[in-house]
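Below you'll find the structure, written out as structure tokens, and then a few comments.
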Amino acid sequence: MADLPITLEAPLAERLARALDPEGKIPRALDALGPVADRDVVLVGGGDLRSGQLSEAGARVSGVEWDDGRLLVGDGSADAVVGCWSVFRGVNPRELAEADRVLRPGGRLLIVHDYGRDDVSGLRGDLPEYGAWGRRDGPFLAAGFRIRVLHCWWTFDDLETASSFVGAAFGEAGIALASGLRRPRLSYNVAVYHRTRSETTTPP
């Protein structure tokens, strides 16, 4: 799931993977905020798509999963830790401490989530990503993260392809949106929350 913002059956997931952010704004932002080029990067819960994008940006990528609240990599082994959508949901102090354990001094934690205020959020309903998480008093910014908002797209080959996808993936909400589409793409805003490794973290 961490390659994509939503869980879909394989055929639909493949269609979304081709359509999501064809301009490559997400991997470019990760490199700009890391950077990741020529760095050791731990990708938490990611798949082949995100790992491949980071590798293309010049990162040395290690993919890991949470294991009973731990990341199974050594202390100070990474220049950046990256998580997208399905991990670091909100701010869990133990998860941040674990990320800081893995990071070298000056290392960067980069977390990708939906931001909302776009076509896609209208399909998915009321999620914390679309409100509280991006506020100044929300969990990320209050915990010392900064935010970069990326104005991305889900771009399809043509209007018919876009309409059939949103209808199949989102049911009645997708069909309603498709009836008003005038171009084969949906606006999609992404937040990259970023912070530098804390030097005062208490081990988990």
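A short reminder: the numbers here are calculations on the coordinates, not readings from a lab. What you see is a predicted model, and the numbers here were worked out from it, not measured in a lab. Counting neighbours? That spans all protein chains shown, and the Cβs are built from the backbone with ideal geometry, glycine included.
Over the range 99-187, what per residue volume does the convex hull of the Cα atoms give, in whole Å³?
Here the figure is 128 Å³ per residue.
When DSSP assigns beta bridges and you keep just the ones with both residues in the chain, what percent turn out antiparallel, to the nearest 5?
Numbers: 20 of 35 bridges.
Rounded to the nearest five, the antiparallel share is 55 percent.
Across SER55, SER164, SER77, mean-square fluctuation computed from a Gaussian network of the chain (C-alpha pairs under 10 Å connected) peaks at SER164.
Summing Lys, Arg as +1 and Asp, Glu as -1, what charge do residues with Cβ under 11 Å from the Cβ of LEU127 carry, LEU127 excluded? Kindly include the intermediate steps, with their values, before the conclusion.
Values: positive: ARG89, ARG124; negative: ASP114, ASP126, GLU129.
Local net charge: -1.
Ordering PHE140, VAL81, LEU71 by Cα displacement along the dipole of the chain toward the positive end leaves PHE140 in first place; charges were set at the Cβ atoms of Lys, Arg (+1) and Asp, Glu (-1).
Of all DSSP beta bridges confined to the range 59-179, the antiparallel ones make up roughly 25%. With bins 5 Å wide beginning at 0, the percent of Cα pairs of the range 5-119 falling in each bin runs 2, 11, 22, 24, 20, 12, 7, 2, 0. What would the Debye equation give as log₁₀ I(q)/I(0) for the range 138-197 at q = 0.20, 0.21, 0.23, 0.25 Å⁻¹, counting only Cα atoms as equal point scatterers? Ignoring solvent entirely, the Cα scatterers give -0.72, -0.75, -0.83, -0.92. For the options ASP75, ASP21, ASP158, a Gaussian network treatment of the chain with springs between C-alpha atoms closer than 10 Å singles out ASP158 as fluctuating the most. On a per residue basis, the convex hull of the C-alpha atoms belonging to the range 55-135 measures out at 132 Å³.
Return the single residue from ALA99, ALA176, ALA59 with maximal mean-square fluctuation; model: Gaussian network over the chain, springs between Cα atoms under 10 Å. Looking only at ALA99, ALA176, ALA59, the largest GNM fluctuation is found for ALA176. The residues neighbouring VAL61, those whose beta-carbon lies less than 11 Å from its own, together hold a net charge of 0 under the Lys/Arg +1, Asp/Glu -1 convention. Apply the a/c threshold of 1.5 to the C-alpha gyration tensor of the range 121-163 and tell me whether it is rounded, prolate or oblate. In terms of gyration-tensor shape, oblate.
Over what distance in Å are the Cα centres of the range 131-204 and the range 54-122 separated? If we compute the Cα centre of each part, the gap is 17 Å.
Per residue, how big is the convex hull around the C-alpha atoms of the chain? Give it to me in cubic angstrom, could you?
Details: hull volume 23.0 nm³, N = 204.
That works out to 113 Å³ per residue.
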